[in-house]
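In what follows, a structure is listed as structure tokens, so that the remarks can point back to it.
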Amino acid sequence: MGLHFGAHMSSSKGFVRMFRDTQVIGGNTMQFFVRNPRGGKAKDLNEADMESFRLLLAENDFMPVLAHAPYTMNICSPNIQTRSFGLQMFREDLLRMEYIPGNYYNFHPGCAVGQADDVAISLIADGLNEVLWQEMQTTVLLETMAGKGSEIGKTFGQLRQIIDRTALSDKLGVCLDTCHAWDAGYDIVGDLDGVLSAFDREIGLGRLKAIHLNDSKNPLGSRKDRHACIGEGAIGEQALLRVLRHPLLCELPFFLETPTDDAGHGAEIARLRASL
Ligand code: FE
Ligand code: FE
Ligand code: ZN
């Protein structure tokens with residue numbers, strides 16, 4: 001089957017190296033952090049590396065790749081410094097993404113930290129309205145969240161509200177994380193079709209651009225966000241295979257964020273492909 005797999009790769013050795021490492025593990029797309037996942041300064045821009053990578057993408061029938069924003073970026077923080085630092089990183093990252101046009105930038109919507117969810121949702125949309133621009137070539141993905149702490153994005157409805165309040169909403173899509181959705185209470189094991197029709201009703205399946213394919217260490221609705229390797233968690237391999245095979249999902253890119261290394265991701269990709 002022509003499924004598209006990728007894994008989270010270390011970006012420390014540059015884009016061309018990540019591309020080669022992805023080929024080794026049998027992937028045809030990849031995810032990476034644009035900067036330190038805990039936030040902070042972006043690495044120096046290596047234009048030659050990005051240009052070579054852009055050519056490799058064009059020549060090799062790769063799916064669009066997924067840049068992941070730092071976990072700590074919180075554009076709805078009640079602290080104005082945290083918020084504006086987050087927006088500064090967001091803006092810088094999006095400018096860099098223009099070197100590799102036509103790809104995805106995924107971010108965790110944010111944490112409300114004491115504010116009402118609705119206030120936080122408005123701040124996220126305000127932020128997006130500041131950083132998106134009409135001519136940009138990147139699609140920004142909101143990730144579905146587990147609902148740990150005060151995370152926004154634990155329901156499809158919250159993501160819909162962010163999209164509704166964003167002027168350039170044609171720049172927005174959604175990345176569904178199977179571990180997060182499960183932890184948030186969406187029963188992808190017992191009722192995948194029901195979850196997908198809720199997604200379609202609340203957001204529209206046309207917005208769904210990528211899947212983070214993870215098992216979960218915790219039960220349905222646990223709001224924990226602890227990823228497990230495929231088949232070693234509460235979701236289980238059979239349910240994840242049903243996700244891969246689902247006619248509404250099988251054309252999407254699937255990114256492994258399971259707690260293992262490149263070789264482990266390679267083994268997971270091979271096993272999943274063999275089971276389809
Ligand atoms: Fe994420
Ligand atoms: Fe994820
Ligand atoms: Zn997670």
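Farthest toward the dipole's positive end in the chain, which of 109, 5, 52, given Cβ charges of +1 (Lys, Arg) and -1 (Asp, Glu) about the Cα centre?
Going by the Cα projections, it comes out as 109.
Counting other Cβ atoms within 10 Å, which GluC sites (Glu not before Pro) in the range 56-107 have at most 15 and lie in a DSSP loop?
The qualifying sites are 98.
Rg/Rh for the range 1-95: what does it come to with C-alpha atoms and Rh from Kirkwood?
1.03
Nearest 5 is fine: what % of DSSP beta bridges in the chain come out antiparallel, could you say?
Counting DSSP beta bridges with both partners in the chain, the antiparallel share is about 15 percent.
Taking every pair of alpha-carbon atoms in the range 103-204, give the share separated by more than 16 Å as a whole percent.
Summing the P(r) tail past 16 Å for the range 103-204 gives 55 percent.
Scan the chain and report its longest stretch carrying no chymotrypsin sites (Phe, Trp or Tyr not before Pro) that are both in a DSSP loop and have at most 15 other Cβ atoms within 10 Å.
Answer - 134-276.
To make sure I understand the rule: partners must be lysines, Cα under 20 Å from the Cα of residue 13, and not fewer than 8 residues away in the same chain. Which ones qualify?
Here the lysines satisfying the reach criterion relative to residue 13 are 41, 43.
When N is the residue count of the range 176-225, what does its C-alpha Rg come to as a fraction of 2.2 N^0.38 Å?
Compared with the compact-globule rule of thumb, the range 176-225 sits at 1.09.
Test of understanding: ordering 179, 250, 111, 229 by Cβ neighbours within 10 Å, fewest first, what list do you get?
With the sparsest Cβ surroundings first, the list reads 250, 229, 111, 179.
Could you pull out every residue, at least 5 positions away or on a different chain, whose amide H is within less than 5 Å of the one on residue 255? Hs are placed 1.01 Å off N in the peptide plane, and Pro or chain starts have none.
It is 6, 211, 212, 213, by chain and number.
The range 40-99: Rg/Rh from Cα coordinates, Kirkwood Rh?
Expressed as Rg/Rh, it is 1.08.
If the only charges are +1 at each Lys and Arg Cβ and -1 at each Asp and Glu Cβ, what is the size of the charge dipole of the chain around the Cα centre, to the nearest 20 debye?
The dipole magnitude comes to about 380 debye.
Lysines near residue 224 by alpha-carbon distance under 27 Å, same-chain residues fewer than 8 away left out - which ones?
Straight-line reach from residue 224, under 27 Å: 148, 154, 209.
For a quick size check, give me the Cα extents of the range 69-163 along its three principal axes, largest first, whole Å.
For the range 69-163, the Cα extents along the three principal axes come out at 37, 28, 21 Å.
Using every Cα-Cα pair within the chain, state what percent have a distance larger than 24 Å.
Of the Cα pairs, 47 percent sit more than 24 Å apart.
Is the range 145-276 best put as rounded, prolate or oblate by its Cα gyration tensor, with a ≥ b ≥ c the root eigenvalues, rounded for a/c under 1.5, and otherwise prolate when a/b is larger than b/c, oblate when not?
Prolate is the answer for the range 145-276, as a/c is 1.5 or above and a/b outweighs b/c.
Since every read-out is calculated from the coordinates, none of them should be taken as a lab result. If you're wondering where the values come from, they're calculated on a predicted model, not measured in any experiment. So basically every Cβ, Gly included, is an ideal-geometry build from the backbone, and we count neighbours across all protein chains shown.
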